[in-house]
1. Find all pairs meeting these conditions: Cβ atoms under 7 angstrom apart; at least six residues apart or on different chains; first residue within segment 235-250 and within 29 Å of residue 325 (Cα to Cα); second residue of a type in the set (Lys, Arg).
2. Of the conditions (1) in contact with a helix residue (DSSP H, G or I) (Cβ under 8 Å, 6 or more places away or on another chain); (2) in contact (Cβ under 8 Å) with a residue 60 or more places away in the chain, residue 54 satisfies every one except a single condition; which number is it?
3. Is it true that some residue in segment 9-27 is closer than 17 Å to residue 82 by Cα, assigned to a strand (DSSP E or B) and in contact with a Cys (Cβ under 8 Å, 6 or more places away or on another chain)?
4. Return the residue satisfying two criteria in turn: it lies in segment 89-100 and is part of a helix (DSSP H, G or I) and out of contact with any Gly (no Cβ under 9 Å at 6 or more places or on another chain), and of such residues it is nearest to residue 160 (Cα to Cα).
5. Can residue 207 be described as crowded, with 17+ Cβ neighbours inside 10 Å and under 28 Å from residue 327 (Cα atoms)?
6. Kindly provide the set of residues from segment 280-307 that are more than 23 Å from the chain's Cα centre (by Cα) and free of Cβ contacts under 8 Å to residues at least 40 places away in the same chain, ordered by number.
7. Out of segment 301-325, which residues are assigned to a loop (DSSP other than H, G, I, E, B) and of a type in the set (Asp, Glu)?
8. Take the residues in segment 272-322 that are touching a Ser or Thr at 6+ places or on another chain (Cβ under 9 Å) and aromatic (Phe, Trp, Tyr); name whichever of them is nearest to residue 150 (Cα to Cα).
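Read-outs throughout are calculated quantities, based only on the coordinates presented, and are distinct from any laboratory measurement. No experiment lies behind these values; they were computed from the predicted model shown. When we count neighbours, we look across all protein chains shown, and the Cβ atoms used for this are built from the backbone with ideal geometry, even at glycine.
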Amino acid sequence: MPILVTGGAGYIGSHTCVELIKSGYEVVVLDNLSNSKPEVLNRIAEVSGQSVRFYQGDVLHKPMLRQVFSAHSIDAVVHFAGVKAVGESVEKPLKYYQNNVVGTLTLLEVMHEFGVKRIVFSSSATVYGDPHEVPIKEDFPLGPVNPYGRSKLMVEDILRDQCTADPNFGACLLRYFNPIGAHASGRMGEDPSGIPNNLMPFVTQVAVGKRPLLQVFGNDYDTPDGTGVRDYIHVVDLALGHVKALMWQQASRGIGVFNLGTGTGVSVLELINAFALATGAEVPYAFAPRREGDVAKCYADAKKAKNELHWQAERGLLAMCQDAWRWQKNNPQGY
């Protein structure tokens, strides 16, 4: 049965498409290409050996969604489509609530029309806000500190309510930590539009000479070296978590909430040093003021995903750095 992947041409979505195909699923992609490029679809086919059926469109556009659901007997939805920059969300909150919340509501309405009862949702560790302690467990208090995180939590609440209202509906909420890395082939990776919002593509763009200097936002946090600590997870490990989530849903209904991370905190400076060690490429950097909405420390307790999804991160920090660098060197201008 086909799986609809919204935002399937994006960074995490495209890697997930590859792993879904390798696991025997038929994949249908809906993406508006606002933060991705059509070439991604060719790379998915090249790496996986199978093409996906692609629709260029938006989850906010109900007629397009109906067209997709009418043409395919969709079995489940893996929902990535949305906007995702913390800083931009502070500046443009309405854009985030419109895209992330209203877009999901529209998708759920069409799923209801066509009797589709399973969704895997791309949530985020930002729903925890500034955690009172680390590592973070799924039952910790939720208190996002920026509109991006609040939009993710609103969708989580909507999905919880839908699961309560319909006992046959199943939603798996995957709270990502910090995806980095690229496919080991070097043919797929992170290709942000404009100035990267995430650390690793900025690191690789500086290393390849595309940008002169890396800005490190904040060196006065209460962390061992003063820079922010995050849980960096290889994008392929993250993609495999979605495959496991779909498998889990075959035996479970209702709500499932899982952290997807390594369980290890790594500071910005530790990541820069690991990148230099893994690749031999130096990354000049300078400190800049903290960004609004950032927290000091954020890393996962991922035991629940290991115990219930039978998933855990396998790839280490050096592999993440090597794969990200291979992608950037082979594709200095991205796709």
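1. 236/315; 237/315
2. If we test residue 54 against (1) in contact with a helix residue (DSSP H, G or I) (Cβ under 8 Å, 6 or more places away or on another chain); (2) in contact (Cβ under 8 Å) with a residue 60 or more places away in the chain, just (2) comes out false.
3. No.
4. 97
5. Taking the combined requirement at face value, the residue satisfies it.
6. 280
7. Passing the criteria: 301, 314.
8. Only one residue tops the list, namely 299.
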